[in-house]
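One structure below.
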Amino acid sequence: MSAPPAATRITILGAGAWGTALAAALARNGLAVTLWGRDADNLEYIRERRENRRYLPGLELPEGIDATTDLGRAIAAGDTILYATPSHTFREMLRAVADMEPTAARERPFLWACKGVEPDTHALMHEVVAAECGQAPPHGLVSGPSFAREVVAGLPTALTVASTDADFAGQAVGWFHGAGMRAYSNPDVVGVELGGALKNVLAIACGATDGLGFGANARAAVITRGLAELMRLGHAMGGLPRTFMGLAGMGDLVLTCTDDQSRNRRLGLALARGLSPEAACAEIGQAVEGLRTARAAKALAARHGVDMPIVEQVHAVLYEGLAPAAAVQALLDRDPKEEIPHDGA
């Protein structure tokens, strides 16, 4: 795939770990990147020292990244906008851009890297886009198995760009592809979004079982049965089965469930130590998307009539005071069932 045009300019809204990592990947590929955030001291440090000392201390960022707290300047600097805010603030940021510069909201293509479900509406991010932007310009999302520190360090990483606009997806793949990163396109926006959101809830379950000392067998069971839950909901909501077996499904699920860089897995580990969800999140010190997504996932399962017992037990631990060990026992006590129906259905 050919290199992206040198004149391409990307504005990233959200200077947390993931927004900064994406900025680093794009800058390495020769794109001009403007990174916007609210923490003035941290943004100045990024600009002057090329290090996000708050979220990614000790890692040097490549040249080519500007950083600012001025939203208007950031929007004006980019040909394309990439939203890297938490999912629960995505709608707010879409509105902020529309209020600040309506032309940008109507005409400038955009991506989002939020992995979650809107807490109150239980909307996926593309549904938020449809509600807020109407006839939006070309748009899509970036997802897949990727820890921010490894991306900034230049370690090999594969990502998925999902969009129903094949030309835009191909263009965006060109921006990310290179310098240690391999990018793929996928037309299945629903499936990619669900994979990125639901894996966070399942990682909480994996962290809890590991924290309780239940071993590798239990971890493998949570991952595989969790994937089955994800695929059931995905099928009900229109996602493609192949997506859930790919980077945004199985890939992101395995990554998040098995490595302690995952904040969601660390939440599960802390719950197993007896911490409350609030105390565990305070200890982690960053947003833990799976905490909010567990509520939304349970609601979506009920709305679509899908059986999701692991999600239900994670919800019970987070919001109903159930002890993690009791949640695992509840899963073990479920009646036996076929993994694959004998009639082939």
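The values are calculated or read from the model by the stated rules, or taken from the named source; none is laboratory data. Keep in mind that this is a model prediction, so the values were computed, not measured. Cβ atoms come from the backbone with ideal geometry, glycine included; neighbour counts cover every protein chain shown.
With among the polar types (S, T, N, Q), surrounded by fewer than 16 Cβ atoms within 10 Å (Cβ to Cβ) and modelled with pLDDT of 95 or more as the only criterion, which of T85, T121, T80 stands out?
Just a single option satisfies the conditions, and that option is T121.
Residue check: is S262 small (G, A, S), in contact with a Ser or Thr (Cβ under 6 Å, 6 or more places away or on another chain) and more than 18 Å from G191 (Cα to Cα)?
Taking the combined requirement at face value, the residue satisfies it.
Only residues that are surrounded by fewer than 23 Cβ atoms within 10 Å (Cβ to Cβ), within 17 Å of A316 (Cβ to Cβ) and either in contact (Cβ under 8 Å) with a residue 12 or more places away in the chain or among the aromatic types (F, W, Y) (or both): list them for the range 271-285, please.
Result: A272, P277.
Would you be able to tell me the number of residues in the range 124-138 that are in contact with a Phe, Trp or Tyr (Cβ under 6 Å, 6 or more places away or on another chain) and crowded, with 23+ Cβ neighbours inside 10 Å?
The qualifying residues number 1.
For M231, work out the one condition from (1) touching a Phe, Trp or Tyr at 6+ places or on another chain (Cβ under 7 Å); (2) in contact (Cβ under 8 Å) with a residue 24 or more places away in the chain it doesn't fulfil.
Just one mismatch for M231, condition (2).
Restricted to the range 40-57, and to residues that are assigned to a loop (DSSP other than H, G, I, E, B) and touching a helix residue (DSSP H, G or I) at 6+ places or on another chain (Cβ under 9 Å), which residue is nearest to R149 (Cα to Cα)?
Ranking the qualifying residues of the range 40-57, first place goes to L56.
Go over the candidates L159, L141, L155 one by one and state the one that is closer than 28 Å to L56 by Cβ and surrounded by fewer than 16 Cβ atoms within 10 Å (Cβ to Cβ).
Testing whether each residue is closer than 28 Å to L56 by Cβ and surrounded by fewer than 16 Cβ atoms within 10 Å (Cβ to Cβ) leaves just L155.
For the range 319-336, state whether one or more residues are under 20 Å from S87 (Cα atoms) and of a type in the set (A, V, I, L, M, F, W, C).
Checking the range 319-336: not a single residue is under 20 Å from S87 (Cα atoms) and of a type in the set (A, V, I, L, M, F, W, C).
Scan A220, A236 and give me the residue that is of a type in the set (G, A, S), surrounded by fewer than 17 Cβ atoms within 10 Å (Cβ to Cβ), closer than 18 Å to P145 by Cα and at pLDDT 95 or above.
After ruling out the rest, the residue left standing is A220.
Here is a list: A158, A136. Which entry is under 22 Å from G239 (Cα atoms), in contact with a helix residue (DSSP H, G or I) (Cβ under 8 Å, 6 or more places away or on another chain) and at pLDDT below 95?
Going through A158, A136 in turn, the sole match is A136.
Of the residues G195, G211, which single one is within 16 Å of G140 (Cα to Cα) and either over 17 Å from the mean Cα position of the chain (by Cα) or surrounded by 24 or more Cβ atoms within 10 Å (Cβ to Cβ) (or both)?
Every option except G195 fails the conditions.
Given the criterion assigned by TED's automatic domain parsing to the domain that holds T89, out of contact with any strand residue (DSSP E or B) (no Cβ under 8 Å at 6 or more places or on another chain) and at pLDDT below 95, identify the matching residue among G30, G16, G58.
After ruling out the rest, the residue left standing is G30.
Just the residues that are in contact with a Gly (Cβ under 6 Å, 6 or more places away or on another chain) and either under 17 Å from R149 (Cα atoms) or of a type in the set (F, W, Y) (or both), please, taken from the range 253-299.
Listed by number, the residues that qualify are N264, R265.
Has the range 173-190 got any residue that is out of contact with any Pro (no Cβ under 8 Å at 6 or more places or on another chain), farther than 24 Å from A25 by Cα and not hydroxyl-bearing (S, T, Y)?
yes
So which helices (runs of 4 or more DSSP H) are wholly in the range 109-177 and hold at least 1 residues that are closer than 19 Å to R91 by Cβ?
Counting at least 1 such residues, we get 125-133.
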